[in-house]
1. I'd like to check one number: the per residue accessible area of the chain, probe 1.4 Å, reported in Å² as a whole number.
2. Hey, of (1) -0.27, -0.50, -0.82; (2) -0.26, -0.53, -1.07; (3) -0.30, -0.57, -1.00, which did the structure itself give for log10 I(q)/I(0) by the Debye sum over Cα atoms at q = 0.09, 0.13, 0.19 Å⁻¹ when calculated?
3. Assign unit charges at the C-beta atoms only (+1 for Lys and Arg, -1 for Asp and Glu), then state the dipole size of the range 36-102 relative to its Cα centre in Debye, rounded to the nearest 20.
4. Through the Karplus equation 6.51 cos²θ - 1.76 cosθ + 1.60, θ set to phi - 60°, convert the phi angles of the range 39-53 into ³J(HN,Hα) values in whole Hz; use x for Gly and Pro.
5. Lys and Arg at +1, Asp and Glu at -1: add these up for the other residues within a Cβ distance under 12 Å of Ser12 and post the number.
6. Within the range 1-27, whose backbone N sits under 15 Å from a point 7 Å along Cα→Cβ of Arg90?
7. Using a Gaussian network model of the chain whose springs link C-alpha atoms within less than 10 Å, name the residue from Thr31, Thr11, Thr65 with the highest mean-square fluctuation.
8. I'd like the carbon and sulfur percentage of the solvent accessible area for the chain, probe radius 1.4 Å, heavy atoms only, ligands and nucleic acids excluded.
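The values are calculated or read from the model by the stated rules, or taken from the named source; none is laboratory data. Note that the structure is predicted; figures quoted are calculated from it, not measured. Every residue, glycine as well, gets a Cβ built from its backbone with ideal geometry; the counts of neighbours run over all protein chains shown. The protein model used for the area step is the full one, side chains on, heavy atoms only, and it has no ligands, DNA or RNA in it. Shrake-Rupley method; radii C 1.70, N 1.55, O 1.52, S 1.80 Å.
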Amino acid sequence: DGVLLVFLRHTSASLTIQENADPYVQADLLTALERLAPQDAPWIHDAEGPDDMPAHVKAMLNGVTLHVPVIGGALALGTWQGLYLVEHRRRPHAREVVLQFVGSRTRPA
């Protein structure tokens, strides 16, 4: 039992825990993020293309860390919850996730 710490080593992708039952939720969440940080806004930072700054804003909104309780050796997510790495760039990028478990091992009775 303990906690799993999840950390994404990037600034243009993010981590989130969201509904994992209805695929429309994923589409709607991506649409909402696009409305909050559209690619065609007058961004100044565009060193890696027009999707660069919007990706940073979206990552800032979602965050790059999660803490998930672990009970009995399993993630204690809710019934409908799933853990997602959200890519905010138009083209795929290689991403690194650091996982760290803090807790104790249950000893057999």
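1. That works out to 69 Å² per residue.
2. Only one listed value fits the structure, namely (3).
3. Charge dipole, the range 36-102, about its Cα centre: 220 debye, nearest 20.
4. Here the 3J(HN,Hα) series is 5, 8, 6, x, 6, 8, 7, 9, 4, 10, x, x, 8, 5, 5 Hz.
5. Spelling it out: positives minus negatives among the neighbours equals +2.
6. The answer is none.
7. Taking springs between Cα atoms under 10 Å, the residue moving most is Thr31.
8. It is 57 percent, rounded to a whole number.
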